[in-house]
Amino acid sequence: MSHDLSDKTALVTGGGKGIGAAISRALAGMGANVVVAYRSDSAAAEQVAHEIEGKAVRCDVTEQAEVEKTVKATGRIDVLVNNAGAVRDRLLLRMTAADWDDIIKTDLTAAFHTTKAVLAEGMLRARWGRIVNMSSVVGITGNPGQSNYAAAKAGLIGFTKAIAKEVGSRSITCNAVAPGYVRTELTTGSLTDDMVAELVKFTPLGREGTAEDVAAAVAFLCSPAAGFITGHVLVVDGGLSL
């Protein structure tokens, strides 16, 4: 079955670094015209866009008006990967309202803005589309010190299933990918080497995940070959959550 996306345009939020950069490269490798959306690190996004012959655009996905403007300027978007995210880890009793609100806004509400915009701007009329939301195994298992992040990532799973039911009749799929531990700029500050070693110890495959491991799963779900898969949560964690 086809994995070709040569006539499609893909928007990857947070697409300039870490897992997002790997996803941008994977989709470009399938022929997609990739728009790399970023909020702060223009240099990283521009570098990835140059490498894949795509386009880098600044877009704060937590701001509805900015998302709508970006999507309208891009034109019809066939593939949306909601990858932008943040962490702000603290035990609940030390967590501030800002810690909670900022993570929910970035990791969950942003997906509402982008998904609504791409559907309204042309995906529904095209009667074809792929939406992939980047959740986390933390959204399934929970994790001490990450109640805000876990709530946002669990929320994305519910959001994914609801949207899958809403738009399935238009041949649009909506799925989630839930990575386990992957060493990126986002995660290196929150886990010590000893903590990572402990995670690997309990991972049946016996190693850390890579950004490319996750990107491969996302790329499959974005492909024409995955046209009969929707509302699914694909866990990419080496068996850690078993």
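Of the conditions (1) within 27 Å of I77 (Cα to Cα); (2) in contact (Cβ under 8 Å) with a residue 12 or more places away in the chain; (3) outside any loop (DSSP other than H, G, I, E, B), I140 fails just one. Which one is it?
All conditions pass for I140, except number (1).
Quick check on the stretch 89-113: of everything there that is buried (at least 17 other Cβ atoms within 10 Å of the Cβ) and in a loop (DSSP other than H, G, I, E, B), which residue is nearest to the chain's Cα centre (by Cα)?
Only one residue fits best here, namely D89.
Kindly evaluate T62 against the criterion of being polar (S, T, N, Q), modelled with pLDDT of 95 or more and either assigned to a helix (DSSP H, G or I) or in contact with a Cys (Cβ under 7 Å, 6 or more places away or on another chain) (or both).
Here the answer is no, as T62 does not meet what is asked.
If you check A37, A45, A32, which single one turns out to be touching a Phe, Trp or Tyr at 6+ places or on another chain (Cβ under 6 Å), at pLDDT 95 or above and surrounded by 24 or more Cβ atoms within 10 Å (Cβ to Cβ)?
Answer to the selection: A45.
Quick one: which of T160, T173 is under 24 Å from L221 (Cβ atoms), in a strand (DSSP E or B), touching a residue at least 40 places away in the same chain (Cβ under 8 Å) and not aliphatic (A, V, I, L, M)?
T173
Condition (residue is surrounded by 24 or more Cβ atoms within 10 Å (Cβ to Cβ), assigned to a helix (DSSP H, G or I) and in contact with a strand residue (DSSP E or B) (Cβ under 9 Å, 6 or more places away or on another chain)) applied to the stretch 143-154: is it met by at least one residue?
Yes, the conditions are met somewhere in the stretch 143-154.
Could you give me the residue pairs with C-beta distances under 6 Å whose first residue belongs to the stretch 41-65 and is in contact (Cβ under 8 Å) with a residue 12 or more places away in the chain, whose second residue is acidic (D, E) and part of a helix (DSSP H, G or I) wherever it lies, and which are 6+ apart or on separate chains?
Matching pairs, first to second residue: A56/E46; C59/E66; D60/E66.
The values are calculated or read from the model by the stated rules, or taken from the named source; none is laboratory data. This one's a predicted model, so the numbers in the text were calculated from it and none came from an experiment. So basically every Cβ, Gly included, is an ideal-geometry build from the backbone, and we count neighbours across all protein chains shown.
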